[in-house]
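Peer 1: First, the structure itself, so that you have it in front of you.
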Amino acid sequence: MKKTILSGMRPTGRLHIGHYVGALENWVSLQGDYQNYHLVADLHVLTTNTNTSNIEDYTLDMVMDWIASGIDPEKSPMFRQSQIKQHSELFLIFCMLITKSRLERNPTLKEQVRDMEIDNMIYGHLGYPVLQAADILLYKGNLVPVGEDQLSHIEITREIARKFNFEYGNVFPEPDPKLTKFSRLPGLDGKAKMSKSLGNTIFLSDAPEDIFASVKKAVTDTQKQRKNDPGRPEVCTVYTYHEKFNPAETETIAADCRSGALGCVDCKKRCATAISDFFEPIRERRAPLAANPEKVKEILLDGETKARKVAEETMRQVHEAMKLG
Ligand code: TRP
């Protein structure tokens, strides 16, 4: 039997190229060798937002990007966490298997508290990785392709699986994380992470002219002021994009940047062309979906029917193991 992949994202609207190289690309390349399940983590949104008015639009935009990137709805169910009630039940049970101090030590949470300037955390936010553990283990996920910032959550998932199995009998696998080679793409402003809230992104669905405009304003080596100044590719954001999206030219670009033969204006044009070409098939597959959101809703309903079956069976095993009737 194929092993299971479970991964998901919070619905934050259109995805950016950092999502693609950090996780989505892996989802697609592993599809076929694994049985994939992909969830829209709409309940996780509630850990940091009380305003839910955009969730439906954001969900549809994101799922369009998933499908356009190559997730096949026939093979890989896509579903909203909120529509499968078992996530909430398993979350509650898992809440009893981990300590408060363990969750307070979670580095991803600490980073979020710092970045979002949260001074009074809600109870559910502390439990973010516990809900994520329920997401993964409900489908008995073996492999979880995610970005680097999620590794701590997979570790917590493993601990919860182990604790459950120890207390009640062997129900859950201990899942492994899977990182992509470029698990963190820097933002246009040179910050370590591309993120919608930082406004330093290129979206998967951006038109070529938007990509050109974005790359034009990207941060490069600040010591390379004039075209013929020698540059340092290793500190340049645009060079990182070349490495990912323009591998055939990377070596010459590095050499010509160092020697001063290549200026940033030209280098950026070549970079924008490479990014635009790379995502062209995705833009083409996305357009008909954007024109027909009803189709995307149907895909979700269908995915939810399939996911619910698996979730029901796992909860039956959980109840049996726990002697909960
Ligand atoms: N926490 C993940 C993120 O922010 C999203 C997520 C929720 C997830 N449930 C998951 C990822 C289960 C992998 C598996 O990116």
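Peer 1: For segment 58-145, give me every one of the helices (runs of 4 or more DSSP H) that falls completely inside it and has 3 or more residues that are more than 24 Å from R14 (Cα to Cα) and away from the ligand (no atom under 12 Å from the Cβ).
Peer 2: Once the helices (runs of 4 or more DSSP H) in segment 58-145 are filtered for at least 3 residues that are more than 24 Å from R14 (Cα to Cα) and away from the ligand (no atom under 12 Å from the Cβ), what remains is 86-95, 100-104, 107-115, 123-126.
Peer 1: Now, a different point. Please go through (1) surrounded by 14 or more Cβ atoms within 10 Å (Cβ to Cβ); (2) without any contact (Cβ under 8 Å) to a residue 12 or more places away in the chain for Q223 and return the number of the only condition it doesn't satisfy.
Peer 2: For Q223, the exception is condition (1).
Peer 1: Do you know which residues across segment 146-177 are touching a strand residue (DSSP E or B) at 6+ places or on another chain (Cβ under 7 Å) and either away from the ligand (no atom under 14 Å from the Cβ) or in a loop (DSSP other than H, G, I, E, B) (or both)?
Peer 2: V146, P175
Peer 1: Name the one entry in A134, A207 that is surrounded by 20 or more Cβ atoms within 10 Å (Cβ to Cβ), over 16 Å from the mean Cα position of the chain (by Cα), at pLDDT 90 or above and hydrophobic (A, V, I, L, M, F, W, C).
Peer 2: A134
Peer 1: A further question follows. For segment 226-241, how many residues meet the condition of being out of contact with any Pro (no Cβ under 8 Å at 6 or more places or on another chain) and surrounded by 19 or more Cβ atoms within 10 Å (Cβ to Cβ)?
Peer 2: 5
Peer 1: Related question: Just checking, how many residues over segment 15-54 are more than 29 Å from E174 (Cβ to Cβ) and either modelled with pLDDT under 95 or surrounded by fewer than 19 Cβ atoms within 10 Å (Cβ to Cβ) (or both)?
Peer 2: Within segment 15-54, residues that are more than 29 Å from E174 (Cβ to Cβ) and either modelled with pLDDT under 95 or surrounded by fewer than 19 Cβ atoms within 10 Å (Cβ to Cβ) (or both) number 6.
The values are calculated or read from the model by the stated rules, or taken from the named source; none is laboratory data. Since this is a predicted model, take the numbers as computed values, not measurements. Cβ sites come from the backbone with ideal geometry, for glycine too, and all protein chains shown count toward neighbours.
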